[in-house]
Amino acid sequence: MSESGVKLTSVNNVNLSFDMEPEKLQLPQIIINDCGLLMQNDLKGGGDFLGTQIISKYEKLEQRPVAIRIRNVVKYYQPGVPTLDHLNMTVHEGTIYTLLGSSGCGKTTLLSCTIGLQNVDSGDIRVFGCEPGAKESGVPGKLVGYMPQEISLYPSLSIQELLEYYGMLYGMSDDETQERTKFLIQLLELPVPSRRVGTLSGGQKRRVSFAVSLLPDPPLLILDEPTVGVDPLLRESIWDHLVDLVSRKKTTVIITTHYVEEARKSDMIGLMRNGRLLVEKSPQSLLEEHSTALLSPIVLKLCRDDSCMNLQAITNNNKNTTLNAIPNNLSMMNNKINFNSGENEVLSVQRYTRNISKAKQTKNHLMAMIKKNTMLISRNYLFLSFLICVPAIQACLFCLAVGNDPKPLPFGVVNEDVNITHPCLPTGEDEGVCLIENLSCQYIDKIPIDHISLSFYPSAKEAKESLLMGRIWGYMMFPQNYSQNFFLRATSGSQFFDNETFAGSNIIFEMDATSKQITATLIKVFGDTYKSFSQHLLRGCGYDERLADVPMQFLPPVYGDYSAGFRDFLAPSLVLGILFFFPILSSSMQCIREKKQGTLERTEIAGVRTWEILAAYSVTESVIVLLQTALGFLIMAVVFQISVKGSVALVVALCMLIGLSGVSVGFLIGSFCREETEAALLSMAVFFPNFILAGMFWPLEGLPRILQYFAYVLPCTLASDSVRSIVNRGWGFTHPKVWPGFAVTFAWIAAYWILTLILQKITSVRRRG
Ligand SMILES: Nc1ncnc2c1ncn2[C@@H]1O[C@H](COP(=O)(O)OP(=O)(O)OP(=O)(O)O)[C@@H](O)[C@H]1O
């Protein structure tokens, strides 16, 4: 400004000059400069604004204690392209600091670094004298209210529930929360508090988001574009409220906006461009310096000046220097001028720290999140019932489909022992009668027709053709004179009999053995049939039927039943496997949903730690796992008659532990996946090797030796062994086959938690670094 008036001159063809005294600048003037800048000087309404009263306020402002001090901060997302470029900024206590700047200039990044969500590559940030993110800094935490640019709210909660949730997180009493809610609803003209956030308009959602940041009445408010989508009247009242907060409570506010003129109500304006602060001045001094009543032309001019200076610098430097040596132009100049507030008192965080014990804080956080999780889950009735019933449905389907004897199996018969035109007639029981003719018919008669469906063929050639065509699983052939040969063989005692008799007394089988289960079933059925046929023959002919027995005696089993099927082996571990899988999926999805909708970050900004989030989710998921376990075992007991021989409580405890293990894996997956599909694929990739190798489907002894060692370290192997031991053998916790299942699952949960916390730490350091 020249002594004679306002004279703005800039470089590179931007020539602005007002050759008149300031007091003459009373009438609106429009000046179009060389850069096409439109400037309006309307000091009619702005006269008071530029008065001495305001200037003296600014002078006072600089003497106030410093709430936020940012020095020489550099931050890169991409190497070589600084998002924050040696940025300096000072925010005094009880002031509104407006950050202006074009889209992408780094405002949000600067705010994130200020509240400790991101770290900087170099430089120093102090908030109330502490490094943000440091222990006891209170930032992120209860000292800061942050309104992110995105909505970041739970759509299925009502406004009331949402404010109650954040109230609890911030350790507010119920009365306090109610009072603040009432006030904020009135101030921000929010809809009725029972309205769900998901049903609100974009502008209403933003106001709710604003209300959340104002709720705890923190000493520091960081608001990223709070007035976007808000009508002018409401915008006015929001600003009035901020001004009131600042003057009454000495709240410090940093706000970003694209509505430049809003910034008039702030105490300080910081104009950012390309990661640098071009100017840090009060709106009044800016208006006065540029002799205009509007801020937008000043912002435009400063940006253009900066562009022009950069261009000039590049041109000059092209001649004799490298690009790196280009000075920071306006920002450097401004930084030198404005950042001399080193002597100011720096606010101490102790001033704001309320004496609240760590335990009480953790309790508040846990209670709030458990309540919120319960509300979110219970809101979606359909999904909840699906979640609870799915393991039981899966177990039912498995029990129905797996482990039953395959039947009836089509099988061929070629009987050369009898006249084919007169195949076997039913022999009946003929108990006590020694029938030694048509023995083949007696054998066929003993075959259980519900298991084997017989088809008769005139010759082996035709039966084989049918077998090759896949119409039958095999055929049996009784050779000619089978009855005589068999009788001779059976009655020869210790005498030798010729090879012809031996061969002629065998039933010949030829089969398709591609299915192990079917082949095993057929061999067992035909073996059992032979035994009952022999016993019948021996009995009828006056011999001891025990001669038909294999000379081995099997005592009754100590555990289980010789007739038990595959289902009895599979069912307990199957339920365990399903209870492991579903929590992996649901918790990884929830984690990603919270990340994507920004609510996880918002919860962290409220000072909640990762382990608390994990613990709260574990509690709500445990209730679901409990219901899933109860329903799964109830259906298995009632429908499939699988009884639990041991302690039901022990089975439930192990199932819950496995469910928690699933929740923890889910969180681990959710921590490093960005999309739901990635998480779903990874969940399956984690689950299936576990399911297959953990001896859930097939005995571990069936695995190659080297895989067996590997299988023992998997999370579900010993647990599955344990659950089988409890259900089928009735063993107690102290049995060496039972407690390791609990111990290993517990150890795995601890390992998942540690890994998740480490991962969170790394990602947050990377996010910050
Ligand atoms: N996580 C990230 N990874 C990589 N680049 C990022 C990331 N976040 C922001 N950026 C980039 O950093 C620059 C500054 O972004 P930032 O969000 O801070 O700008 P802004 O001034 O807040 O913009 P707007 O006014 O549009 O919100 C942009 O170029 C943006 O693309």
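Key figures for this structure:
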{"quantity": "Contact order relative to length of segment 409-548, as percent, for alpha carbon pairs under 8 angstrom and 6 or more apart", "calculated": "32 percent"}
{"quantity": "Lysine pairs in segment 409-548 with Cα atoms under 24 Å, if 8 or more residues apart or on separate chains", "calculated": "8"}
{"quantity": "Projected label distance in nm at K249 and V192, using a 7 Å step from Cα toward the beta-carbon", "calculated": "2.9 nm"}
{"quantity": "Stokes-Einstein translational diffusion, segment 111-256 - Kirkwood Rh over all Cα pairs, 1.567 mPa s, 4 °C, in µm²/s", "calculated": "82 µm²/s"}
{"quantity": "Charge sum, other residues only, whose C-beta stays under 11 Å from T362's C-beta, Lys/Arg counted +1 and Asp/Glu -1", "calculated": "+3"}
{"quantity": "Relative contact order %, segment 604-758, counting alpha carbon pairs below 8 Å whose residues are six or more apart", "calculated": "29 percent"}
{"quantity": "Residue list for segment 509-525, given a label point 7 angstrom along the Cα-to-Cβ vector of M469 and an amide N cut-off under 17 Å", "calculated": "512"}
{"quantity": "Rounded to the nearest 10 Å², the accessible area of K761 at probe 1.4 Å", "calculated": "140 Å²"}
{"quantity": "Accessible solvent surface per residue of segment 409-548, calculated while the other protein chains remain in place, 1.4 angstrom probe, Å²", "calculated": "58 Å²"}
{"quantity": "Whole-Å semi-axes of the ellipsoid equivalent to segment 205-248 (Cα gyration tensor, √5λ, descending)", "calculated": "17, 13, 8"}
{"quantity": "Charge sum, other residues only, whose C-beta stays under 15 Å from S201's C-beta, Lys/Arg counted +1 and Asp/Glu -1", "calculated": "+3"}
{"quantity": "Total formal charge among the other residues, if their Cβ is under 9 angstrom from that of T610, Lys/Arg +1 and Asp/Glu -1", "calculated": "0"}
{"quantity": "Unsatisfied cross-links (Cα-Cα over 22 Å) in the set K107/K265; K250/K358; K182/K360; K596/K761", "calculated": "K250/K358; K182/K360"}
{"quantity": "DSSP-defined antiparallel bridges as percent of all bridges, segment 409-548, nearest 5", "calculated": "30 percent"}
{"quantity": "Under 15 Å from K737, Cα to Cα: aspartates and glutamates that are on another chain or at least 8 residues apart", "calculated": "D721"}
{"quantity": "Share of pairwise Cα separations in segment 550-697, more than 27 Å, in percent", "calculated": "35 percent"}
{"quantity": "Phi-based couplings in Hz for segment 197-209 (Karplus 6.51, -1.76, 1.60; Gly and Pro marked x)", "calculated": "4, x, 9, 8, 6, x, x, 5, 4, 4, 5, 5, 4"}
{"quantity": "Segment 654-740: relative contact order as a whole-number percent, Cα under 8 Å and 6+ apart", "calculated": "22 percent"}
{"quantity": "Stokes-Einstein translational diffusion, segment 569-655 - Kirkwood Rh over all Cα pairs, 0.890 mPa s, 25 °C, in µm²/s", "calculated": "165 µm²/s"}
{"quantity": "Angstrom value of the Kirkwood radius, inverse mean 1/r, which spans all Cα pairs in segment 409-548", "calculated": "15.7 Å"}
{"quantity": "For L220, residues with placed amide H under 5 Å, excluding near neighbours", "calculated": "G145, T252"}
{"quantity": "Inter-centroid distance (Cα atoms) of segment 131-169 relative to segment 204-239, Å", "calculated": "13 Å"}
{"quantity": "Two-site FRET efficiency, E261 against C389, from Cβ-Cβ distance with R₀ of 41 Å, rounded to 0.05", "calculated": "0.10"}
{"quantity": "Alpha-carbon radius of gyration plus Dmax, which is the widest Cα pair, for segment 529-620 in Å", "calculated": "30.1, 91"}
{"quantity": "Carbon + sulfur, % of accessible area of segment 409-548 - ligands and nucleic acids excluded, 1.4 Å", "calculated": "56 percent"}
{"quantity": "Scattering curve values for segment 60-142, log₁₀ I(q)/I(0), Debye with Cα scatterers, q = 0.14, 0.25 Å⁻¹", "calculated": "-0.48, -1.31"}
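The values are calculated or read from the model by the stated rules, or taken from the named source; none is laboratory data. No experiment lies behind these values; they were computed from the predicted model shown. Cβ coordinates were reconstructed from backbone atoms using ideal geometry, including for glycine residues, and neighbour counts include every protein chain displayed. The accessibility values were calculated without ligands, DNA or RNA, using every heavy atom of the protein model including side chains. Shrake-Rupley method; radii C 1.70, N 1.55, O 1.52, S 1.80 Å.
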